[in-house]
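Note sheet for the following structure.
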Amino acid sequence: MQAISVYMLAALVLPDVGADKIVDLREHYFAHRPWFFGALISATLFSLAKDLVLYGHLPRPIDTSFHVTFGLAAIVAAITRKEWFHQFLGPALAMSFLVYIALLFARL
């Protein structure tokens, strides 16, 4: 289910472009915002559920806290239409994702 949610994210992120069609990416983004962030919330929940089913417990606290933070940010993004928030959210989540990966795999 997590892979399906991530696939839906990829399908929603870019519009269908025809040869004669002019596409407004801003309009497309805000039109598909609830569905996109809904799929992101689903991917986050399925990721946590996968660990519960496979291992019987949630992942390490730092991993779980990232999932919760990421999920909460996606909920707020799905609800709000404020452009400044969405302009801030992209770089903020990208940076937090890099920090998450660095902390998660620091032992390698």
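The values are calculated or read from the model by the stated rules, or taken from the named source; none is laboratory data. This structure is a prediction, so every number in the text was calculated from the model and none was measured. Neighbour counts run over all protein chains shown; Cβ positions are idealised from the backbone, glycine included.
Reported count of residues in the stretch 60-84, each being under 27 Å from residue 11 (Cβ atoms) and in contact with a helix residue (DSSP H, G or I) (Cβ under 9 Å, 6 or more places away or on another chain), is 17.
Flag set for residue 48, criterion: part of a helix (DSSP H, G or I), touching a residue at least 12 places away in the same chain (Cβ under 8 Å) and surrounded by 12 or more Cβ atoms within 10 Å (Cβ to Cβ).
If you go through the stretch 60-108 and keep only what is over 17 Å from residue 38 (Cα atoms), among the polar types (S, T, N, Q) and surrounded by 13 or more Cβ atoms within 10 Å (Cβ to Cβ), you end up with 64, 96.
When the stretch 71-108 is examined, which residues are found to be among the aromatic types (Phe, Trp, Tyr) and either closer than 19 Å to residue 30 by Cα or at pLDDT 95 or above (or both)? First the steps, then the outcome.
Start the filter on the stretch 71-108 by keeping residues that are among the aromatic types (Phe, Trp, Tyr), which leaves 84-85, 88, 97, 100, 105.
84, 85, 88 - these are the residues of the stretch 71-108 that are among the aromatic types (Phe, Trp, Tyr) and either closer than 19 Å to residue 30 by Cα or at pLDDT 95 or above (or both).
So that you can scan it fast, the table gives a plain yes or no per residue for (1) farther than 21 Å from residue 97 by Cα; (2) in contact with a helix residue (DSSP H, G or I) (Cβ under 7 Å, 6 or more places away or on another chain):
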{"position": "22", "(1), (2)": "yes, no"}
{"position": "33", "(1), (2)": "no, yes"}
{"position": "46", "(1), (2)": "no, yes"}
{"position": "49", "(1), (2)": "no, no"}
{"position": "52", "(1), (2)": "yes, no"}
